[in-house]
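Bear in mind these aren't lab numbers, they're just calculated from the coordinates by the rules spelled out. The model shown is predicted, which means the values in this text are computed figures rather than measured ones. Note that each Cβ is placed from the backbone with ideal geometry, even for glycine, and that neighbours are counted across all protein chains shown.
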Amino acid sequence: MMIFARFVVALFLIGIVLPPGFAIAQVPPNCEITKADDPERDILRCAFGIILEIEAVAEMAFTDGDEAELDLKNGAVLLEVTPGEARPQIRTPHAIAAVRGTVFVVDVSETSTAVFVVQGEVSVSPLGAEAPVALVRAGEGIDVSSQGASEVGVWGEERAAALMARFGR
């Protein structure tokens, strides 16, 4: 956790933010960035057990609050987190997705956030008063809006495949 927190602070201090179409000019220590095509995205691989695939249109920034956080405003990010390593949280306008050592996608639109888990588990906390935390497991997803959250459920093959195709998978 400390290594990831230092990474997040370093990104914050050097001002790395990923607006749409932005290419990362500086790569944080212990991380390397590559470009991928079909579809276009940036891939950030860090030595402490996290890989981020960032959709080209994603609006994302790294922040450092009470816990290490990624702030995703729009678009999608696929995360692969090695169990027992970094435990980032992804904050969106609608929810917080907390990593449990897994592979998952967070997709944000203007009106909602969708979280789909490929492998492992993710806890999803809708923002708002007294919102219950949902545990989402492999093959399941949840949609969260300002009106609340859907039930956790198995996503249909078509919806899951369409989301994963945005990352060439």
Packing-based ranking, highest mean first, of 102-110, 88-96 given that Cβ atoms within 10 Å are counted: 88-96, 102-110
Between rounded, prolate and oblate, where does the range 70-169 land on the alpha carbon gyration tensor, with a ≥ b ≥ c its root eigenvalues, rounded for a/c under 1.5, else prolate if a/b exceeds b/c? rounded
Nonlocal amide H pairs with residue 89, under 5 Å, H built at 1.01 Å: 69, 70
